[in-house]
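So the structure is just underneath, and the comments pick up after that.
The values are calculated or read from the model by the stated rules, or taken from the named source; none is laboratory data. This one's a predicted model, so the numbers in the text were calculated from it and none came from an experiment. Heads up, the Cβs are rebuilt from the backbone with ideal geometry, glycines too, and the neighbour counts pull from every protein chain shown. Note: accessible area is taken over every heavy atom of the protein model, side chains too, but ligands, DNA and RNA are not part of it. Shrake-Rupley method; radii C 1.70, N 1.55, O 1.52, S 1.80 Å.
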Amino acid sequence: MLIDAHVHLDKYGDLLDQALSEIDAQRIFTVATAMDVPSYLELRKIAERSPFILPTFGVHPRRAAEYVDRLPELGRYLEMSPAIGEIGLDFHWVKDTATYPAQRKVLEYFIASAGEQNKFVNLHTKAGEKEILDLLAKYKVRRAIIHWYSGPLDILNAMIDYGCYFTIGVELLYSDYIKTIAQAVPDHLLLTETDNPGALKWLKKHDDLGMPNAIKSVIAALAEVRDASPEKIETVVQQNFARLIGDDPGLRNVARVFRQP
Ligand SMILES: [Zn+2]
């Protein structure tokens with residue numbers, strides 16, 4: 001089974017039906033990450049339409065300033081969500097430094113909750129890599145997916161030592177630096193993502209929205225840079241996702257779906 005561990009399914013608009021058919025036809029297990037509360041509620045509705053979708057609640061660093069004074073209100077969504085994301089820090093693309101304290105406060109709230117509730121997290125780390133690793137250690141969050149890592153190699157290695165998983169995505173098709181990262185991640189921590197539907201557009205490689213099948217291009221590119229077959233990459237990623245889920249009681253349904261042959 002294909003694993004797409006970081007997707008913004010609520011952003012497909014008119015193409016949602018087509019995206020869901022591709023997910024079902026290709027059996028792409030999809031972690032549908034939220035940006036904020038409305039996004040999470042929408043993802044929960046979308047997930048009712050396919051067994052291959054896991055909606056997860058988070059507040060993206062770009063939305064942190066809107067939520068920083070309302071954190072207690074978020075508790076009920078956290079309780080509902082079997083995993084947490086998208087959360088993180090962005091001190092690179094987000095230029096408004098006035099939001100940075102809010103980003104830090106919101107992220108710490110989510111990571112502390114993930115530690116208490118023993119849930120895995122899906123992290124955006126742009127220029128906040130070291131701080132994020134320190135927070136994971138502080139709150140003993142052992143199960144973390146680092147999405148689209150593009151930071152320094154020394155922190156990459158520290159995260160590997162800690163046991164973080166890494167979703168490699170579509171930028172692998174275009175960037176030598178991402179190739180270096182894709183080669184450095186050990187087999188047992190490798191995962192895949194598309195960050196659909198906006199990633200290819202954002203990279204200015206595409207005018208259209210990215211469709212779920214893009215995960216196959218990622219796997220093909222990973223096979224090339226890691227000198228393995230696409231089948232091997234697919235198997236390794238599936239095994240890793242199974243290990244990440246483990247016997248998490250909140251993810252039993254997920255485990256059932258994606259362990260099917
Ligand atoms: Zn994202």
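Summed over the residues of segment 159-261 and divided among them, the accessible surface reaches 47 Å² per residue at a probe radius of 1.4 Å. Label sites at His188 and Asp227, each approximated as a point 7 angstrom past Cα along Cα to Cβ, lie 2.2 nm apart. Taking trypsin sites (Lys or Arg not before Pro) across segment 37-135, the ones in a DSSP loop with at most 16 further Cβ atoms lying within 10 angstrom of their Cβ are Arg49, Lys95. All C-alpha to C-alpha distances of the chain, sorted into 5 Å bins beginning at zero, yield P(r) values of 1, 6, 14, 19, 21, 19, 13, 6, 1, 0 percent in whole numbers. Taken along its principal axes, the alpha carbon cloud of segment 42-171 reaches lengths of 40, 33, 30 Å, longest axis first. Heavy-atom accessible area with a 1.4 Å probe sorts Lys205, Lys179, largest first, into Lys205, Lys179. The GluC sites (Glu not before Pro) of segment 21-61 meeting both criteria, a DSSP state outside H, G, I, E and B (loop) and at most 16 other C-beta atoms within 10 angstrom of the site's C-beta, are Glu48.
Taking amide hydrogens as placed 1.01 Å from N in the peptide plane, the amide H of Asn196 sits under 5 Å from those of His8, each at least 5 positions away in sequence or on another chain. For Lys179, a cut-off of 23 angstrom between C-alpha atoms picks up these lysines, skipping any fewer than 8 places away in its own chain: Lys126, Lys130, Lys201, Lys204, Lys205, Lys216, Lys232.
Note on Tyr177 and Asp208: the model spin-label points, each 7 Å out from Cα along the C-beta direction, lie 3.0 nm apart. Rolling a 1.4 angstrom probe over the protein heavy atoms with all chains in place gives segment 49-153 an accessible area of 41 Å² per residue. Once both labels are positioned 7 Å from their Cα atoms along Cα-to-Cβ, the gap between Lys11 and Glu48 label points is 2.5 nm.
A 1.4 Å probe over all protein chains sorts Ser175, Ser150 by accessible area into Ser150, Ser175, starting with the largest.
Which percent of the accessible heavy-atom area of segment 78-148 goes to carbon and sulfur, probe 1.4 angstrom? The computed percentage sits at 56.
For segment 10-57, the carbon plus sulfur part of the accessible surface works out to 50%, probe radius 1.4 Å.
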